[in-house]
Structures are given as structure tokens and as C-alpha cells.
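Derivation of every value follows stated rules applied to the coordinates shown; laboratory data play no part. Everything numeric here is computed off the predicted structure, so don't read it as measured data. For neighbour counting, all protein chains shown are included, and Cβ atoms are generated from backbone atoms with ideal geometry for every residue, glycine included.
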Amino acid sequence: MAGFFGKGAVLLRVSACAWAFLLMASAEASAKKVVLQEELPGRIERYSFDDARISAEALRLALRFGPDGLYTGSEMIARASLEVCPDDDPGYKPCGDRTIAAPNFLDNAGENLRRARALMEELAASTPPAGLEAAKAWCLEENGFVLALSEARLRYLRTWDPQTLRATFEVKSAGKVLEPGKLCPAAFEALSRAQNPVQRARVAAYEWHNCVNGAFRALEARRPYPTAAWKAFLKRYGITVRVEHDTD
């Protein structure tokens, strides 16, 4: 995940419309084939399957745990980004310039985290298809970290207490605890030099966030996404995938 205003932010803006499904019956006479179409940024993926072996509903659920699914893609990043504020969403107050200087920034950031927590609760309560349990475990850790990172940053913006940014992050799959106070001395030094709220908020969004997030991504022992389990799931049900890339 890039900084909140870098590459990741581009992905966030498209994630809201990233999911669209279309069922089509195949003309094949030998077996009833169904195609589930998934529209993703820059490409369309078509999943062909026999609905006597797996239902469309079950496959839709499985896709949430797939490599680019609702629980594994950029949806949590989108929801947990404090700066996101759609002008046409009635759940938000007037956005202003989407910085800490905007009168409604903290309220709108809180709305983002409310939606992020709702996604986390949905994930925690979900039952993945057999064989994708490891994918759920990966999603819980990945999304939990993204949410915790944003929660810590919002606590700081509400209190301006740098101790809130020293809160530790446990990474159970790696058997590690990330300690920002030890890992990111340059970020805390920059905070001490910041002269106003806008500067402090910027340090928290860039130097601090990128340092802690980078430490999490760099953990070699961290649980990787279970690609083998996903491929085995597709093979088990005879699901084939065709990808068409957008050339526009």
C-alpha cells in the first residue's frame, strides 16, 4: 500500500465501482456452463463454471476471498482512508478541502472508519468456502492492520498527543510486535518540528504512516496470501478464468 495520497489513493477511487456481476448461460450442449463476470479496474475477469458443482451464490462468496476480492483488495484501504470524502454521499458532511483544516474533516474521517469497521465485522462473521479458511485468516490480519493504522492516526488528529502514534501493532502470523516509537524515530522528530496542525497532520499521513506500513509489509515471516489454496479451490470445482484487459 502506498502513502495515503500516492498510488494507493488512485486505487481507492475506483474500488467503489469495482464489483459488477453478470450471469450468462452457455450455449454448450454437453453441460450447463455459467459465466460469472467480475469487473475490476483495468480488466474484466470471466469465471466459467458448472452450476451443478457450485452455485453462483457460493462462487460470489468465494470471490470475496479471492486475490482481488472485496476482503482482499483495496476496499478496506478505501474505507479506512481518512481523507476520502465523496461530495455526493449523504453520509458525509460538506468535504471542504479534505484536510485537517476543513471544518468537518474529523467527522467525515470518523464516518470512514465506521464504514471500515462494518466491513471488518462482516469479514469476521463470514464463513468462507471450504479450502479458503487460510484466505480469511490473511484477510483478517491484513484488514485489521489497515484499520488499526487509520484508527491510531485519527486518535492523533483528535488529540495531538504523539503517544497515540506510539501504540504497538501485533502481527500474530509473524510472531512480531511493531513498535513505531522504535521503528520510526525520524517521523517523531518531524512531528516535534511541525509548527501547526496542517504540518503535523501531514507528517502523520506521510512519514509516520509510510514508516509503520512499510515495516508491516517488510515482515518476511508474515503470512502471505494463500495463492495455492485459491488455485486449488478453482481446480476443485472446475472453474476456469478468462481475463480481458482494458486497452483504452
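Quick rundown of the values:
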read-out	value
The chain: relative contact order in percent, alpha carbon pairs under 8 Å with at least 6 residues between	22 percent
Neighbourhood net charge (12 Å Cβ-Cβ; Lys/Arg +1, Asp/Glu -1) for Cys184	-1
Choice from Val212, Val177, Val35 with maximal GNM fluctuation in the chain (Cα, 10 Å cutoff)	Val177
Relative contact order of the stretch 105-217, defined on C-alpha pairs under 8 angstrom at six or more residues apart (%)	20 percent
Members of Lys136/Lys172; Lys176/Lys231; Lys172/Lys231 lying beyond 18 Å, as alpha-carbon distances in this model show	Lys176/Lys231; Lys172/Lys231
Cα gyration tensor shape for the stretch 161-248, rounded if a/c is under 1.5, else prolate or oblate	oblate
Choice from Glu111, Glu142, Glu220 showing the highest fluctuation, given a GNM over the chain with Cα pairs closer than 10 Å	Glu220
³J(HN,Hα), Karplus 6.51/-1.76/1.60, whole Hz, each residue of the stretch 130-137, x for Gly, Pro	3, x, 10, 4, 5, 5, 5, 4
Amide proton proximity set for Gly131, modelled H, under 5 Å, gap of 5+	none
The chain: most fluctuating residue of Ala125, Ala148, Ala137 per GNM, C-alpha cutoff 10 Å	Ala125
Calculated on alpha-carbon atoms, Rg and Dmax of the stretch 110-204 in Å	16.1, 54
Karplus 3J(HN,Hα) series, Hz, for the stretch 210-217 with 6.51 cos²θ - 1.76 cosθ + 1.60 (x for Gly, Pro)	5, 5, 5, 4, x, 5, 5, 5
